[in-house]
Amino acid sequence: MLLTLTTTHHPATDLGYLLHKHPERVFSFSVPMGQGRVFYPEAREDRCTAALLVALDPVELSRGRTGQGSGAPLEPYVNDRPYAASSFLTAALREAFGTAMSGRSKERPDLARQALPFEVHLPALPSRGSPDLAARLFGPLGYRVDARPLPLDPQFPEWGDSPYLDLKLSGTVPLQVLLAQLTVLIPVLDDARHSFVSEDEIERLQRLGDGWLAGHPERDLIVRRALKHQRDLLRLARVAFGEADQETEREQETRVAAPSLNDQRLQAVEAELTASGAARVLDLGCGEGHLVRLLLANPQFREIVGLDVSARELSRAERYLRLEELPPTVRARLKLIQGSLTYRDARLRGYDAAALVEVIEHLDEARLWTLERVVFGDARPGTVVVTTPNAEYNARYPFLGEGETRHQDHRFEWDRRTFRSWAERVADTFGYSVVFKPVGEEDPALGPATQMAVFKRGPA
Ligand code: SAH
């Protein structure tokens, strides 16, 4: 993948001082999964161009792979990552031009802060979403944008365009600002979902976006994509980017004091389990153990089993619940076990009640019948409490695009009608009755944030 940066400032060769890279030398450095090089295809007084070339090793890349790609079997080995501009390129930008990005230059300190005429060329830039996105992102920042879609195959124009652009930008900006804008916006155009972003990313986005991001007409899209659509990060970002500004302290207080949807859900489930009179309960798909913690605090529940398919979640639960530090009498009431709800499991039989809190949507819809058989057909607790998102309510989340789910791992999110007919069919099939209850804020038209079904086993 390639990026070139040209200036026509006079003398143009000052670019070497600004980038801290000598025009007569090739600068090589390593990047995650590959090699970067900076060199100058032209270095004259009137025009000087620096090129950043990044070569990734496809085999390394397939090894380092996390998360999901397209899902095609050869996708880890055959993909656009080595060729198209992406976060790998911007990581190399940061590595190669760190000093310039911090706005410093030993030899040309004044020039580093000055707006200079620059041209940027990205010959292969993925652009997902509408074709004019590059113009919508760079245009408002004052660049002239020349974005040409690349054909899928130049020999067969009838096949149409690929999702890649040949992008040229020109504008007069300080180098530091130009590099910051490229670093943020290249991955935003790419919108790859397979890299992990952490909370540090918000801080970085704030720093790189200083002075231009907050007022950008596409700010929401930029932030959403830069944070990889992660709900929790987006929530933090909204505060970080000042949307809490208008709130009075009083409002902030109530916002903090109001229980989160997650807390409301857990409380609602605990209330149902308590009301059922259960003493021995199952938390199926317990995750980190938030519900387990509530249940442990209530002596009515004499025996609690938390089950999850993921060993990682179970060890997180051990830490979250501080198992080591629990008094022995409390500790003795709890078992954490690993298992999958898609296989019959004798350990789950004979309990009074079970909770499935935000679990069903993690299974493929086509495989859900296996869970139904295991829980309702074989384990057969007297009470079963199931919660799942209400897809209709997603319209209330401004950061969710059309048809997007609340979490990347969700295989589906159902509207109220679909959940109801699923639950009624399950109750019918396995001899249960079912009632529905709203959880969380309830929109008059869209319904509650979370939907809950409470099943009771009928007479045998
Ligand atoms: N109930 C928890 C976690 C919800 S996330 C809470 O409300 O906080 C969904 C959980 O279901 C994850 O921890 C995941 O590991 C688990 N899970 C997904 N498929 C499963 C399966 N087939 N069997 C058991 N657990 C499963």
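General remarks:
- Look at the alpha carbon pairs under 8 Å that are at least 6 residues apart: their mean separation over the length of segment 261-457 gives a relative contact order of 20 percent.
- The charge dipole of the chain, taken about the Cα centre with unit charges on the Cβ atoms of Lys, Arg (+1) and Asp, Glu (-1), comes to about 1060 debye, rounded to the nearest 20.
- Segment 271-367: chymotrypsin sites (Phe, Trp or Tyr not before Pro) falling in loop per DSSP and having at most 12 other Cβ within 10 Å: Y343
- Accessible area of segment 328-460 belonging to carbon and sulfur atoms, whole % at 1.4 Å probe: 50 percent
- Helix-derived mean residue ellipticity, 222 nm - over the chain, DSSP H n ≥ 4, -39500 (n - 2.57), to 500: -8500 deg cm²/dmol
- Volume per residue that the Cα convex hull of the chain spans, once the total is divided by residue count, Å³: 198 Å³
- Rg to Rh quotient for segment 97-218, alpha carbon positions, Kirkwood Rh: 1.01
- Residues of segment 1-32 with amide N under 20 Å of a point placed 7 Å along Cα→Cβ from L111: 4-27
- Burial order of peptide ranges 105-111, 355-361 (average beta-carbon count within 10 Å, highest first): 355-361, 105-111
- Taking all Cα pairs closer than 8 Å and separated by 6 or more residues, the relative contact order of segment 25-66 comes to 34 percent.
- Residue-normalised accessible area of segment 1-158, given per residue in Å² at a 1.4 Å probe: 52 Å²
- Solvent exposure of segment 261-457 amounts to 47 Å² per residue of accessible area, where only protein heavy atoms count and the probe is 1.4 Å.
- Coordinate range along principal axes, alpha carbons of segment 1-100, Å, largest first: 52, 18, 18
- Contact order, relative form, for the chain: 10 percent (alpha carbon pairs under 8 Å, 6 or more residues apart, mean separation divided by residue count).
The values are calculated or read from the model by the stated rules, or taken from the named source; none is laboratory data. Since we're looking at a predicted model, the values are computed, not measured. Glycine also receives a Cβ, built like all others from the backbone with ideal geometry; neighbour counts cover every protein chain displayed. Just so you know, the surface numbers come from the protein's heavy atoms only, side chains and all, with ligands and any DNA or RNA stripped out. Shrake-Rupley method; radii C 1.70, N 1.55, O 1.52, S 1.80 Å.
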